[in-house]
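Structure record follows, encoded as structure tokens.
The values are calculated or read from the model by the stated rules, or taken from the named source; none is laboratory data. Predicted model only: the values in this text are computed from it and were never measured. Ideal geometry is used to build each Cβ from the backbone, glycine not excepted, and the neighbour counts take in all protein chains shown. Each accessible area value is taken on the protein alone, full model and side chains, heavy atoms only, with ligands, DNA and RNA left out. Shrake-Rupley method; radii C 1.70, N 1.55, O 1.52, S 1.80 Å.
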Amino acid sequence: MSDKKKSLLSWIFQFAGQKKPMYVFSIIFAVLSVACAIMPYLMIAQIVRQLLSGIRELDLYIKESAVVAAFWAGNVIFHMISTSLSHIATFNVLGNIRKSLCDKLARLPLGSVLDMPSGTLKNILIDRIDSMETTLAHILPEWTSNLLLPLLMFIYLFTLDWRMGLASLITLPVGMISACFMMTNMQERFNYAIEKTKILNDTAVEYINGIEVIKAFGKSKASYEKFTKAAKEGSDCYVEWMRDCIWPFTIAFVIAPSTLLAILPIGGLFFLKGSLAAVDFITIIILSMSIIQPLLTVYSYHDDIAKAGVIFGEVGGIMDMKELDRPESDAESPKDNSITLRDVRFSYKGGESLPLAPAGQPSSATPSAGEAPATPPSEVLHGINLSLPQGSYTALVGPSGSGKSTLARLIASLWDVDSGSVEIGGVNIKNLSLEEYNRRVAYVSQDNFLFDLSVMENIRLGKNGATDEEVIEIARKSGCYDFIMGLENGFNTVVGGSGAHLSGGERQRIAIARAMMKDAPIVILDEATAYTDPENEAIIQQSVARLVKGKTLIVIAHRLSTISDADKIIVIKDGQIDSQGSHEELLKMGGLYKDMWEAHISAKDN
């Protein structure tokens, strides 16, 4: 069964981990709290009975009043312990959910993650999971206590007079009918509100991330209008929902707990006819006021429970997404660090991996019944065969959109091939654990991400436990040391979110140093110096050439002069290998590579 079909309690206990006993003890203390809450009513009823029977012993009433106070104190203390335990367990649950989601995202193909809007992911991981705290912390202990208290009170009322027991429930149907009106189209309204909230989050993230482009092209008005429209629609759906519910809600929560509306006239009639004793009538009046209100408290959690169910459904949607097909441990051991691609085909399946799409809705990328297209519409690699020896230097070149970066990402195991295989040392990478594969491969793209940490810590990410001296040494070897020391605080300079405090070229140079720190036997550089000026590019290339000596190196570059000394140059065109060979061999062959080279030389001369 899909995780999305599991009950709320199943989700809670799945992620509770070692804190499960805390939920159990929370319920136990909630029951004790209920017991202490019931006893004062019974004690007060007993005091009333004694007064009506003529007992005038002050010491007795003082002792009984002290017992009442003790029970009230016990109710507060046990309730505090119960909720404290449930909150500790709940924060553990929320933390485990976030850890599980982050671990899951790390195991997903890169395309699946990119298909999900960052605003939606942020909303689920932070805001929506955090919004479940109140529900998860209170549902177990408070449901237990608020259901148990009225049940026990109703049983006791029935033992006093079954007629009055039923009379105490007369206002309940009124509240239930009102609640039914309030629940009309609730699921549709709730889903609509959630959808509008997601749109607002995605629009806000887009607006903030694109503010530079918006200002540069004078699109502030149009972009702001899009954001304000999303904000208005996001608020209007809740306002309209609440406006429609206000009267049923008021009736339900005002009439239903007003048990005296039925108890007083009915009980008074029975008392006048002599079928109900005065002492029992007074006791029933006191106890009846504790029956309905707890039930309304339980009902008030209905929306929160529904909301938590939807959020867990979203969590389940992500957890159910197909992961990269990798074992926990290596099934085989590669004999070396050579790379072989056998009939590799790959297509981008944009939108198919979104976990929040309506269930059962067919994907637009899925062929109709009976269709069997030889090449899917979005296929970008068509039967690639390559053999890259260990320690070789291979360059991938070709026009934009030809598939060379896609090929590099498949080798880096950021996606899985649709068919064919990628092998390392004769072993299909699907038979290698992600941990082992990540140890073997270092990948640097042109769009490198730096964390909001110091330069030192960003480079250190390449090797856990690396000393400051090792970081500084690799920066020297990577040709980054001088520019780093020119920063405001040298290696202690904080780079900002996504490296925003640095230029594109500086970010790339730190990313290259981080990759070199990893010291992986296979290095993939995907336009890794695209934002670097020619002077620094030459320095970086000389430094990298020394650092990758003996490693299997794959480089993607638009500047052909930077890869002219590669052992082999692979020319990619329209998702297929157009030609391959050394620089001199390809120039002699003519064709696409020669045209690209001549265009490159002409551009340099100009």
Exercise for review: Calculate the dipole size of the chain relative to its Cα centre from +1 charges on Lys and Arg beta carbons and -1 charges on Asp and Glu beta carbons; express the result in debye to the nearest 20.
Suggested key: 1160 debye
Review point. Extension gain His558-Leu147, at 0.36 nm per residue separation less the Cα-Cα distance, in nm?
Key: 141.0 nm
Point to revise | Cut-off 20 Å (backbone N to label point 7 Å along Cα→Cβ of Leu264), residues of segment 168-196 | key: 168-175
Review point. Taking a 1.4 Å probe, which of Lys322, Lys307 shows the most accessible area, and what order do the others take after it?
Key: Lys322, Lys307
Check your understanding: Rounded to the nearest 0.05, what FRET efficiency do Ala500 and Tyr192 have when you use their Cβ-Cβ distance and R0 = 25 Å?
Key -> 0.10
Point to revise | Accessible carbon and sulfur surface of the chain relative to its total accessible area, %, 1.4 Å | key: 59 percent
Practice item. May I ask for the angle, rounded to the nearest 10°, between helix 302-319 and the longest principal axis of the chain, with both axes built from Cα atoms and the value confined to 0 to 90°? Key: 20 degrees
Exercise for review: Could you rank the peptides 399-406, 498-505, 440-447 by their average count of other C-beta atoms within 10 Å per residue, with the highest value first?
Suggested key: 440-447, 399-406, 498-505
**Study point:** Solvent-accessible area per residue, Å², over the chain with all protein chains present [probe radius 1.4 Å]
**Key:** 50 Å²
Exercise for review: Would you mind getting me the FRET efficiency between Lys273 and Trp162? Use the beta-carbon distance for r and R0 = 22 Å, nearest 0.05.
Suggested key: 0.85
Check your understanding: For segment 96-105, in order, what is each residue's ³J(HN,Hα) by Karplus, 6.51 cos²θ - 1.76 cosθ + 1.60 with θ = phi - 60°, in whole Hz (x at glycine and Pro)?
Key -> 5, 4, 5, 4, 5, 5, 5, 4, 5, 4
Revision key, fill the gap. With only helices counted (DSSP H, runs n ≥ 4, each -39500 (n - 2.57)), the per-residue ellipticity at 222 nm for the chain, to the nearest 500, works out to -19000 deg cm²/dmol
Check your understanding: Given that just one value was derived from the coordinates, which of (i) 26.4; (ii) 25.5; (iii) 30.1 is Kirkwood radius over Cα pairs in Å?
Key -> (iii)
Check your understanding: Using alpha carbons only, how many degrees (0 to 90, rounded to 10) separate the axis of helix 171-182 from the longest principal axis of the chain?
Key -> 20 degrees
Check your understanding: For the Cα atoms of the chain, what angle does the longest principal axis make with the long axis of helix 260-272, in degrees from 0 to 90, nearest 10?
Key -> 20 degrees
Review point. Taking the simple approach of a point 7 Å from Cα along Cα-to-Cβ for both Asp236 and Gln293, what is their distance in nm?
Key: 4.0 nm
Revision key, fill the gap. At R0 = 35 Å the Cβ-Cβ FRET efficiency linking Asp574 and Gln542, nearest 0.05, sits at 0.55
Point to revise | Extension gain, Met485 back to Asn385 (0.36 nm per residue minus Cα-Cα distance, nm) | key: 31.5 nm
Exercise for review: Filter the cross-link list Lys335/Lys430; Lys430/Lys549; Lys104/Lys335; Lys335/Lys568 down to pairs whose alpha-carbon distance in this structure exceeds 20 Å.
Suggested key: Lys430/Lys549; Lys104/Lys335; Lys335/Lys568
Revision key, fill the gap. Of the listed pairs Lys404/Lys594; Lys198/Lys229; Lys122/Lys196; Lys404/Lys551, those with alpha carbons more than 22 Å apart are none
**Study point:** Solvent-accessible surface (1.4 angstrom probe) belonging to Arg514, in square angstrom, nearest 10
**Key:** 40 Å²
Check your understanding: Once label points are set 7 Å from the Cα along Cα→Cβ at both Arg243 and Asp418, what is their separation, rounded to one decimal in nm?
Key -> 4.9 nm
Practice item. Give the peptides 44-55, 290-301 in descending order of average Cβ contacts within 10 Å, highest first. Key: 290-301, 44-55
Check your understanding: In nm, what is the difference between 0.36 nm times the number of residues separating Ser100 and Glu133 and their Cα-Cα distance?
Key -> 10.2 nm
Point to revise | Partners for Lys19 among aspartates and glutamates (Cα-Cα distance below 20 Å; same-chain residues under 8 apart left out) | key: Asp130, Glu133, Glu142
Review point. How many nm is it between the label spots at Ile77 and Met176, if each spot is 7 Å from the Cα in line with the beta carbon?
Key: 3.9 nm
